Every structure is written in structure tokens, then in C-alpha cells.
1. Just the residues that are assigned to a loop (DSSP other than H, G, I, E, B) and either of a type outside the set (D, E) or within 22 Å of I100 (Cβ to Cβ) (or both), please, taken from the range 205-243.
2. Return the residues of the range 203-229 that are touching a residue at least 40 places away in the same chain (Cβ under 8 Å) and more than 15 Å from E163 (Cβ to Cβ); say none if nothing qualifies.
3. Residues that are modelled with pLDDT under 95, within 21 Å of W213 (Cα to Cα) and not aliphatic (A, V, I, L, M), at least 2 per element: which helices (runs of 4 or more DSSP H) completely within the range 70-184 meet that?
4. Do you know which residues across the range 111-124 are surrounded by 21 or more Cβ atoms within 10 Å (Cβ to Cβ) and in contact (Cβ under 8 Å) with a residue 24 or more places away in the chain?
5. Would you mention how many residues in the range 265-303 are more than 16 Å from the chain's Cα centre (by Cα) and in a helix (DSSP H, G or I)?
6. Scan E367, E342 and give me the residue that is charged (D, E, K, R), modelled with pLDDT of 80 or more and within 24 Å of the chain's Cα centre (by Cα).
Amino acid sequence: MVLLGSGAPLSSLDRGGVKAGGIGAEATTFLRNSVHASMNRSIGTHLAPFDPANNSARVARQRWEFGSWPRMSSWREDEEQLSDRMSYELKRGELFAKGIRRIMLEQVDAAAAILTDPRRAGGVDRSIHEARKRFKRIRSALRLGRNTLGKRQYRRENKRFRELGSLLALPRERAVAVLTLDRLSAASSSTPGELAFPELRAHLIELRVAAVWHTVERDRSIRQVSRRLRKARRELKGLSIRNRSELAWRDALTQAYRAGRVQMRHADLDGSPEVFHEWRKEVKHLRYHLDVLKRAWTGQLDRAETLLHELSDLLGLQHDLVDLRWHLDNSPASRSTARRREEACRLHTLIETARLALESRALEVGERIYSRKPKAVVKRVVSCWRSWQRYG
């Protein structure tokens, strides 16, 4: 059952005049295989084959999934992997306000443990990513429980965790730039394992190493974040509850769905990366809100969850491409030699074609998610919630 839309397959990419058969082999390959590797959910059937002589999605993906290039899942994993989802769900019979506080405290504990011992997450890069992901979950939980906290407490805690995430942002952005370049390199290379942009890749790796050193050694941001998390935990534990209604989450869920719907329309009309980024944030809020309420609707909204995951990953990939383009535009090193200028020009073209393809697909998926009005969607979730509370 699809709660948020008709679920009918869509056949083409039509944003800005870009069609699936005309966006270029490399961009189509990037779009199809990035999402396959990230989510293991096929969207290839909605795209024209990039190689008319070989229409097998399995063969087309082989060098992405089994070659020497990093898989998309190495940095944009589904929430099911490397994450304890059970701690991000309300329990049956649990007071909503207390449940939200429990969820936030568990996320703080998980982030603190990962930053204290990065080996738990597989290294510094991964620990930073996992910690920032938990800060985003906390902020989304705060938003869902806003009516139970009041504006003052909500704004204070939301600002706190936004700042903590910002302290760890730079090494994460630099690492993703390298990995995004590798994906584009794999898509544009005729030989698996061949470096298509060696000069630019070497420069981005230098930036990444410097960012990690600044964060870990010079600024000691990880230690600073760990100290601030201890204070955050004490203050979260002492939050006063203003509203004990079992449906205190209803307004926040309505707002998240409505805001995502509005931002999707803006993205369709405007098309700027900034608008798509704002839409991405609203999609993530809706996704996290439904995660918190998941036990109430399991089996009822599974298709909606699948579409939200796909949309979130598509917009995430689009954002990664925009960031990589920003690095190219703002780095003098990318224009320091004739070879780097040539690589940058070629990469710009590849980024733009892939970005347009991802945006087109995102708008298609978005139409399916946001096809119904907010009140109708939330009414359905409320019905699932009440049934779960009464009968389990």
C-alpha cells in the first residue's frame, strides 16, 4: 500500500528538457548505479539503457559493485546499516514526551561513544559521519516533540546540536568530495579502476587530510564536541514537559509533510541547488519523523518509507555533486595547470548532466510521495497510531 501517492511507475526524466535517453551515458550510469549501490532498490527500469548493446542492469552494475571503486554505501548508507534503529522508535504505551526525551538521550550516548572510540564506527571519517547523523536525528526529534517542549527549550537545543554538527562538517564534506569524484570517474572511465581525474583527485585528498588534521589535532573539535555532549545530556534530561498529549507530534508531522510539498514545488519551478537543498532537509525531517512513529505503522506505510529513502538518497547525491562543483569553482589549484583546467572543464560537464538527471528523478519520486494533502496523510498516521496503542 502506498500512503503518499498512487505508486504508478513513471517513464521519463523531463526536468529542463532532459530525457533519460538523452542525458548521456555517464550521467545515466551514475544515476542508476549510485542509487542501486546505496539502497539496493531498483530504479533502472525507469531509465533508458545507457548501452543499447547490453540491457542487463546486473552486468551494467558489475564494475560499480565489485570493482576497485568505493561503493556508494561506503558513505551514504541506508539507515538500517551501522545504526541502531530500534533506539529511534517510540514504544507502545510510552508517554510521547518521555519517549522523545529517551530517544534523544540514546542518540547523544551513541554519538559520544562513537567519538570517544572512532574504531566503533570504522575510523575517524566514519565516526564523524555517524555522530553528525545522530545530531540530525536529535534535531528532528526535537522538531517532532516541539509542542511538548515549548519554543524556548526547542530553540536552545536545536541551536546546540546544529553547532555541534557544524564543528565536524569540514572533514565530512572533504571526504564526500573525494568519493563523489571517484563515482563520476568510474562512470566516465572506459576501463574499470582507471583514474579519470588524477590531478583533481590528488588535490581533493590533500584537502581532506588537512581537514581531518585541523579537526582532530589543531582545533581538537572532536574533544570539544565530546565535552559539550556531556553538558547536553544533563540538560536534555532536565527538560520540562509542557504538553503531555499523546498526539503532540501531529502538528509537527503535518508541518514536515506540508513544507516538503511546498519545497518540491519551488524546486520544480526554480531549479536552483539552494532550493533543492532546502527540500532535502524537509524530506529528511519527514523521514525521521516517520522513523520515530514506525512501530505504529509497520506494514501499513512500507511503500511510503521506501520512496522516502529513495528520494532522500537522490537529493543527497545531488547535494554531493553541487558540493564537488563548488570545490572546483573555488579552488585555485583546479586551474593551476593546463591538465587540471582540462579535467575541471570535463568534470563540470559530467557533474551538470548527472545533477539534472538526479533532480529529474527526485521530482518524479517526490510527486508520488507528496500527491496527497497533508491533512489526509496525517489522519492516516493518526489512525495507525491509535490502533497500535489500543491493540498492538
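1. Initially, the range 205-243 is screened for residues assigned to a loop (DSSP other than H, G, I, E, B), giving 219-220, 238-243.
Scanning the range 205-243 gives R220, G238, L239, S240, I241, R242, N243.
2. Scanning the range 203-229 gives H203, L204, L207, A211, V212, H214, V216.
3. Ranges flagged: 124-144.
4. Here is the first cut: in the range 111-124, the residues surrounded by 21 or more Cβ atoms within 10 Å (Cβ to Cβ) are 111, 114-115.
Hits for the range 111-124 are A111, L115.
5. Selection size over the range 265-303: 13.
6. Only one candidate passes the filter, namely E367.
The values are calculated or read from the model by the stated rules, or taken from the named source; none is laboratory data. Here the structure is a predicted model, which is why all the values come from computation and not from measurement. Note that we place each Cβ from the backbone using ideal geometry, even for glycine, and neighbour counts take in every protein chain shown.
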